[in-house]
Structures are given as structure tokens and as C-alpha cells.
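*Asks:* Submitted below is the structure of interest, expressed as C-alpha cells.
The values are calculated or read from the model by the stated rules, or taken from the named source; none is laboratory data. Keep in mind the model is a prediction, meaning the values are calculated, not measured. Neighbour counts are summed over all protein chains in view; Cβ atoms, including those assigned to glycine, are modelled from backbone coordinates with ideal geometry.
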Amino acid sequence: MSGWNLVIPVRGGAGKSRLEVPDVDRAGLARAIGLDTIAAARACRVVAQVVVVTADAQIARAIEDDCLIVADPGTGLNDAVRAGLAVTDAAQPRAAMLGDLPALRATDLETVLVAAARYESAALPDAEGTGTTLITRTVAGELVPAFGEDSFTRHRAAGFLDLAREIEAGRQQRGAWSARRDVDTLDQLHEAAQLGLGIRTAALLEGRSRQGAASSVA
């Protein structure tokens, strides 16, 4: 296996409707989370190519030298994933991963993908166990995304192996955790912070904390 082709859909400046952090620009936070996710993917040793699907020009400019960029068709998450997969080589291992994993570590992603390499298709549940953060396929054929609310049940019904169970069986639970903590709410962002945020997200939130401290002193 020569390495994974990894598709990441990133909304960027469109923001997240349920993620509201006081004194932090929603669009800027969404971009920071997306860029931190992409950076971890780029640093992963078993990833050969990162395909980013986005309509955000700022994100596209930031990654244009490192990633293949595909225009987001604007018709939903699964269509964005399909657009990215369409430019990958179906004969190579392929994966699709959410773009809202601000605590993702390259080594953790490597653990997940190494485990996935042993199976035809697999899916990684989110931290709650109901959604899905990543799906994979190692053999030729269509990789069909079913992301969205309660997506893990749909992926399992479609025949995807439960990657979390496989990794836990190998006693590498922590190795998958940062790849499972996607962020849609403030509570989930706090949980991601406990794992260690990427540099852009952390800097944005630290800047907000410093501003708040200065205001309280004033």
C-alpha cells in the first residue's frame, strides 16, 4: 500500500450554527478548526495525498501548495465528500474524514488508518458513538458516505467495520480518541481542548482569553 488518499470537506467561513464562543468570530474559529485538521492530516506518515473540498477562498489559499483543492458543490456534506472522492484513484486506499477535529494528532490518525488498512471498509465513530468522523476503503469500488446525524448506524448497516472496537481490542484506545472528537458545540470544544487543540484554534482561543483578562483589569 503506497499511502492513503484522504478527503476532507471543510466549510470554513460558513461556520457552525451550534458553535458559539463569546468574543470569538465564528467564521475565524471554523477556519482555524479546519486548518488544524488539515495540518494533522498532512503530517500523518501514512497519508499520501490530502484532498480538501471547500468553498472558502481563505482556506484554499492557505493550503494550495500542500493539498489538492476541490470546489464544494454546495449541496451538503455527503455530496462534498463524493466530489473529493471523484478525483482520487479508486485503485488506492481512500478515506474521508470530517474537517472539524481541532485536537487531531497525526500519530492518532496514523493509528486509525493502520488499523483500517486490514479491512475492505471501516468507519470510526465519533466520541458519542452515534456519528462518524472517518470512513475508509482499501479495495477498488465506491466508497459511499452517509455522514450526518446518527450516521454510524447507517455506516455499520452498509457493512463498514467498527474501527473503534478494533483499535480498543489492540489496547490503543487513546490512539483513536483525538480522531473521534469532532466539534459542533461549545461543550465538545472544551472536550477537545482537554486533548490538546491545534495551534490555530488554540491561538484564537488564547487571544480571546487574553482580551477578556485585559478587559477585566481595565
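*Asks:* If you check residue 74 against the conditions, is it surrounded by fewer than 19 Cβ atoms within 10 Å (Cβ to Cβ) and either closer than 21 Å to residue 146 by Cα or not small (Gly, Ala, Ser) (or both)?
*Replies:* For residue 74, the condition - surrounded by fewer than 19 Cβ atoms within 10 Å (Cβ to Cβ) and either closer than 21 Å to residue 146 by Cα or not small (Gly, Ala, Ser) (or both) - is met.
*Asks:* Would you confirm whether any residue within segment 182-200 is under 27 Å from residue 83 (Cα atoms), at pLDDT 95 or above and polar (S, T, N, Q)?
*Replies:* no
*Asks:* Hey, another quick one. Please go through (1) in a loop (DSSP other than H, G, I, E, B); (2) in contact with a Phe, Trp or Tyr (Cβ under 6 Å, 6 or more places away or on another chain) for residue 88 and return the number of the only condition it doesn't satisfy.
*Replies:* The failed condition is (2).
*Asks:* Scan segment 70-81 and give yes if some residue there is of a type outside the set (A, V, I, L, M, F, W, C) and in a helix (DSSP H, G or I), otherwise no.
*Replies:* Yes.
*Asks:* If you don't mind, another one. Being among the charged types (D, E, K, R) and at pLDDT below 95 is the requirement here; does residue 100 meet it?
*Replies:* Here the answer is no, as residue 100 does not meet what is asked.
*Asks:* Select the helices (runs of 4 or more DSSP H) contained entirely in segment 106-200, then report the ones holding at least 3 residues which are out of contact with any Phe, Trp or Tyr (no Cβ under 7 Å at 6 or more places or on another chain), under 25 Å from residue 16 (Cβ atoms) and not charged (D, E, K, R).
*Replies:* Because the criterion is at least 3 residues that are out of contact with any Phe, Trp or Tyr (no Cβ under 7 Å at 6 or more places or on another chain), under 25 Å from residue 16 (Cβ atoms) and not charged (D, E, K, R), the helices (runs of 4 or more DSSP H) in segment 106-200 that meet it are 106-116, 151-157, 186-195.
*Asks:* Let me ask something else about it. Output yes when any residue across segment 158-171 is at pLDDT 95 or above, under 15 Å from the mean Cα position of the chain (by Cα), of a type in the set (Asp, Glu) and under 27 Å from residue 80 (Cα atoms), and no when none is.
*Replies:* no
*Asks:* What number of residues within segment 57-69 satisfy the criterion of being in a loop (DSSP other than H, G, I, E, B) and surrounded by fewer than 20 Cβ atoms within 10 Å (Cβ to Cβ)?
*Replies:* Count: 3.
*Asks:* Could you go through segment 5-13 and let me know if any residue there is closer than 30 Å to residue 194 by Cβ, touching a residue at least 60 places away in the same chain (Cβ under 8 Å) and assigned to a loop (DSSP other than H, G, I, E, B).
*Replies:* Within segment 5-13, one or more residues are closer than 30 Å to residue 194 by Cβ, touching a residue at least 60 places away in the same chain (Cβ under 8 Å) and assigned to a loop (DSSP other than H, G, I, E, B).
*Asks:* So, one more: Suppose we filter 42, 82 for residues that are within 19 Å of residue 146 (Cβ to Cβ), surrounded by fewer than 21 Cβ atoms within 10 Å (Cβ to Cβ) and under 16 Å from the mean Cα position of the chain (by Cα); which single one remains?
*Replies:* On inspection, the qualifying residue turns out to be 82.
*Asks:* Does segment 91-105 hold any residues that are part of a loop (DSSP other than H, G, I, E, B) and either among the β-branched types (Val, Ile, Thr) or closer than 20 Å to residue 73 by Cα (or both), and which are they?
*Replies:* Residues satisfying the conditions are 98, 99, 100.
*Asks:* Please specify each residue of segment 53-100 satisfying the condition of being closer than 22 Å to residue 32 by Cβ and of a type in the set (D, E, K, R).
*Replies:* 56, 61, 64, 65, 66, 72, 100, listed by residue number.
*Asks:* Just to be sure before I move on: is residue 75 in contact with a strand residue (DSSP E or B) (Cβ under 6 Å, 6 or more places away or on another chain) and either free of Cβ contacts under 8 Å to residues at least 24 places away in the same chain or not acidic (Asp, Glu) (or both) in the structure I sent?
*Replies:* Against the criterion (in contact with a strand residue (DSSP E or B) (Cβ under 6 Å, 6 or more places away or on another chain) and either free of Cβ contacts under 8 Å to residues at least 24 places away in the same chain or not acidic (Asp, Glu) (or both)), residue 75 does not qualify.
*Asks:* Report whether or not residue 12 is crowded, with 18+ Cβ neighbours inside 10 Å and at pLDDT below 95.
*Replies:* The answer is yes for residue 12.
*Asks:* So is residue 120 within 18 Å of residue 8 (Cα to Cα), surrounded by fewer than 22 Cβ atoms within 10 Å (Cβ to Cβ) and of a type in the set (D, E, K, R) or not?
*Replies:* When the stated conditions are applied, residue 120 does not pass them.
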